[in-house]
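Working notes, structure below.
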Amino acid sequence: MAAGVLYPTMTMSESDDNSQAAMKPMGMFIGTPEIYFTKRIDNSRVLKVVDPKRRRELASFAVSLSILLVLVMVYVWQHFSAIEYGYKIEQLKSERDAIVESNSALKLEESSLRDLSRIDALARQMGMQPPTAGQVELMEAVGNDSGAPVIARANGIMVVSAVQ
């Protein structure tokens with residue numbers, strides 16, 4: 001068994017005033033000495049006894065904690081996927097709006113290109129002449145308005161030869 005004694009002295013105490021330190025001797029005791037003892041304990045022969053009840057409690061706690069963790073993870077996953085789907089929906093809505101705007105611009109351009117007066121002016125610039133009577137043949141209106149395909153018909157076709 002080992003023992004030790006610690007004697008607090010003036011050198012261990014904090015002194016801000018140098019004049020007081022000069023008045024008292026440096027090796028003087030302050031207060032009572034602190035005594036401590038050390039004792040070595042040999043625990044090599046101690047055996048740990050396993051408590052089955054405590055082990056079951058810890059196992060049930062671990063299982064319940066893991067189930068809780070899984071439920072929290074599922075909730076967090078659903079929350080983040082809902083946020084991600086919200087961003088995707090907003091992105092697709094903006095793409096749809098851009099496509100609708102582009103479609104309306106294309107319809108406006110199509111209507112301006114189909115303008116008969118513009119086509120007539122371009123044809124005259126290219127040197128074409130308006131059709132004479134009998135050259136224009138209007139197509140028959142088909143009674144089927146459902147939009148189903150119609151077989152092509154060849155009625156009233158005339159072959160005009162270039163040689164006279």
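The values are calculated or read from the model by the stated rules, or taken from the named source; none is laboratory data. As the structure is a computational prediction, the values presented were derived from the model and not from experiment. For neighbour counting, all protein chains shown are included, and Cβ atoms are generated from backbone atoms with ideal geometry for every residue, glycine included.
Consider segment 123-142. How many of its residues are loosely packed, with under 10 Cβ neighbours inside 10 Å and assigned to a helix (DSSP H, G or I)?
Within segment 123-142, residues that are loosely packed, with under 10 Cβ neighbours inside 10 Å and assigned to a helix (DSSP H, G or I) number 1.
To keep it simple, each residue is scored yes or no on (1) part of a helix (DSSP H, G or I); (2) surrounded by 10 or more Cβ atoms within 10 Å (Cβ to Cβ); (3) of a type outside the set (A, V, I, L, M, F, W, C).
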site: LEU47; (1), (2), (3): no, no, no
site: ARG54; (1), (2), (3): yes, no, yes
site: LEU58; (1), (2), (3): yes, yes, no
site: PHE61; (1), (2), (3): yes, yes, no
site: TYR85; (1), (2), (3): yes, yes, yes
site: ALA121; (1), (2), (3): yes, yes, no
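Take segment 90-117 and flag every residue that is surrounded by 10 or more Cβ atoms within 10 Å (Cβ to Cβ) and either aliphatic (A, V, I, L, M) or in contact with a helix residue (DSSP H, G or I) (Cβ under 7 Å, 6 or more places away or on another chain) (or both).
LEU92, ALA98, ILE99, VAL100, ALA105, LEU106, LEU108
Could you tell me whether segment 61-74 includes any residue that is more than 42 Å from the chain's Cα centre (by Cα) and not basic (Lys, Arg)?
First, the residues of segment 61-74 that are more than 42 Å from the chain's Cα centre (by Cα): none.
Within segment 61-74, not a single residue is more than 42 Å from the chain's Cα centre (by Cα) and not basic (Lys, Arg).
What single numbered condition from (1) at pLDDT below 85; (2) assigned to a helix (DSSP H, G or I) fails to hold for ASP97?
It fails just one condition, (1).
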